[in-house]
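One structure is given here, and the rest of the page talks about it.
The values are calculated or read from the model by the stated rules, or taken from the named source; none is laboratory data. Predicted, not measured: the structure shown is a model, and the values here were computed from it. Virtual Cβ from ideal backbone geometry, glycine too; neighbours counted across all protein chains shown. The area values use the complete protein model at the heavy-atom level, side chains included, leaving out ligands, DNA and RNA. Shrake-Rupley method; radii C 1.70, N 1.55, O 1.52, S 1.80 Å.
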Amino acid sequence: MQPPSLDVVNRAIGAELAATNYSYNERDVALYALGIGAPADPLDQDELKFVYELSGLGFQVFPTFAVVFSYEFNRNVPSGVIAGIKYNPMMVVHGEQFLRVYKPLPSAATVTSTITIADIFDKGSGLLMVIDITSRLANGEKLATARHSLFFRELGGFGGERGPAAKQTLPERAPDLIHEERTRDTQALLYRLAGDDNPLHADPPMAAIGHYEKPILHGLCTMGFAARTLLKRYGDNDPSRFDSISVRFSRHVFPGDTLVTEMWRDDSEIHFQTRVKERDVVVLSHGLMRLRD
């Protein structure tokens, strides 16, 4: 696949893509929570509340469920073209993710998301597309905003700006907490039922086209595992305390890998990174979660 021309890229920057509508109910909420590993202990009522609608503590929506609101856009990724930019869908990976949630999410709703291509950068080895998403209820109330980047491998070299290079700054001390949790061998097959059904995460021949030895786990699933850990350890597992999370997807994760999340707290901010134990590689970097008091 040839890189796009600079003219095509410049026309794509700032483009407003078709708004998406997403309707969900308690079943969708529970399925998402199961997809990100909840509950670690099915007998723990404080975790069961994210997957069981009759929980004695009251059914609650895990806040990173808001990433699902834009999955109608994600379903267009396998089409091989976004705003005139053509690519091989199996060569696309999630680069970074930011998510802010403004209030506890309702257990059922219809959400409209507006989607804009905020910027496109030439990273040499690939093209980085930055996408802004704002999600609102039917009455106009803002529920969440997100910014995520898609990295299109082998589409670099089109002559665009390289873009900023953010450096990770972790506290110069040992982690305050370390949490270890193994993903299921079927984790990607379970998580994709939340709406991200890219074949890269399920189909071995398709994964091979992307140069992976087997299907990989969704980056947002890995982020969800980390978010569960951070909210439980530092936010009393209370969705109303969640403000925002940001991560960089540094390396891929295979279903069945063991995730080791290292955390450093600084008041209402928790810096973190996650590594795969079996290969000792960092898979989530530049991690930051902000909590409300």
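Does at least one position in the stretch 176-199 carry a residue that is over 24 Å from F69 (Cα atoms), free of Cβ contacts under 8 Å to residues at least 40 places away in the same chain and out of contact with any helix residue (DSSP H, G or I) (no Cβ under 7 Å at 6 or more places or on another chain)? The answer is no, given that none of the residues of the stretch 176-199 is over 24 Å from F69 (Cα atoms), free of Cβ contacts under 8 Å to residues at least 40 places away in the same chain and out of contact with any helix residue (DSSP H, G or I) (no Cβ under 7 Å at 6 or more places or on another chain).
Within the stretch 182-200, the set of residues being touching a Lys or Arg at 6+ places or on another chain (Cβ under 9 Å) and open to solvent by 40 Å² or more (accessible area, probe 1.4 Å) comprises R182, L190, D197.
Scoring K214 on the criteria (1) basic (K, R); (2) surrounded by fewer than 17 Cβ atoms within 10 Å (Cβ to Cβ); (3) under 28 Å from H271 (Cα atoms) leaves a single failure, condition (3). Of all the residues in the stretch 68-84, those that are open to solvent by less than 60 Å² (accessible area, probe 1.4 Å) and more than 23 Å from S244 (Cβ to Cβ) number 6. Within the stretch 117-153, if we keep just the residues that are under 17 Å from the mean Cα position of the chain (by Cα) and among the polar types (S, T, N, Q), the residue that is farthest from N21 (Cα to Cα) turns out to be S149. Taking the condition over 16 Å from the mean Cα position of the chain (by Cα), open to solvent by less than 70 Å² (accessible area, probe 1.4 Å), within 18 Å of A66 (Cα to Cα) and without any contact (Cβ under 8 Å) to a residue 24 or more places away in the chain, does D203 pass? Taking the combined requirement at face value, the residue does not satisfy it. Answer yes if at least one residue in the stretch 130-138 is modelled with pLDDT under 95 and farther than 19 Å from M289 by Cβ, and no otherwise. Yes, the conditions are met somewhere in the stretch 130-138. Picking from residues in the stretch 149-176 that are outside any loop (DSSP other than H, G, I, E, B), over 19 Å from V282 (Cβ atoms) and not aromatic (F, W, Y), the one that is least open to solvent (accessible area, probe 1.4 Å) is L150. The condition of being within 21 Å of D46 (Cβ to Cβ), free of Cβ contacts under 8 Å to residues at least 40 places away in the same chain and not hydrophobic (A, V, I, L, M, F, W, C) holds for only one of D280, D267, D243, D238, that being D238. Return yes or no: is H179 open to solvent by 30 Å² or more (accessible area, probe 1.4 Å) and on the phi < 0 side of the Ramachandran plot? So H179 fits the description; yes.
Results for (1) open to solvent by 40 Å² or more (accessible area, probe 1.4 Å); (2) more than 22 Å from D243 (Cα to Cα), shown as yes or no for each residue.
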residue: K86; (1), (2): yes, yes
residue: F98; (1), (2): yes, no
residue: T110; (1), (2): yes, no
residue: F121; (1), (2): no, yes
residue: L128; (1), (2): no, yes
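Each residue in the stretch 104-146 was checked for being part of a loop (DSSP other than H, G, I, E, B) and in contact with a helix residue (DSSP H, G or I) (Cβ under 8 Å, 6 or more places away or on another chain), and 4 of them qualify. Is it fair to say R265 is under 24 Å from K167 (Cβ atoms), surrounded by 15 or more Cβ atoms within 10 Å (Cβ to Cβ) and not hydroxyl-bearing (S, T, Y)? Yes. If the condition is being out of contact with any strand residue (DSSP E or B) (no Cβ under 8 Å at 6 or more places or on another chain), more than 10 Å from I36 (Cα to Cα) and assigned to a helix (DSSP H, G or I), then the stretch 212-232 contributes only K232.
Entry remark, the stretch 63-104: residues being of a type in the set (K, R) and more than 27 Å from A208 (Cβ to Cβ) number 2 in total.
Could you tell me whether F65 is open to solvent by 10 Å² or more (accessible area, probe 1.4 Å) and touching a residue at least 24 places away in the same chain (Cβ under 8 Å)? Judged against the criteria, F65 is not a match.
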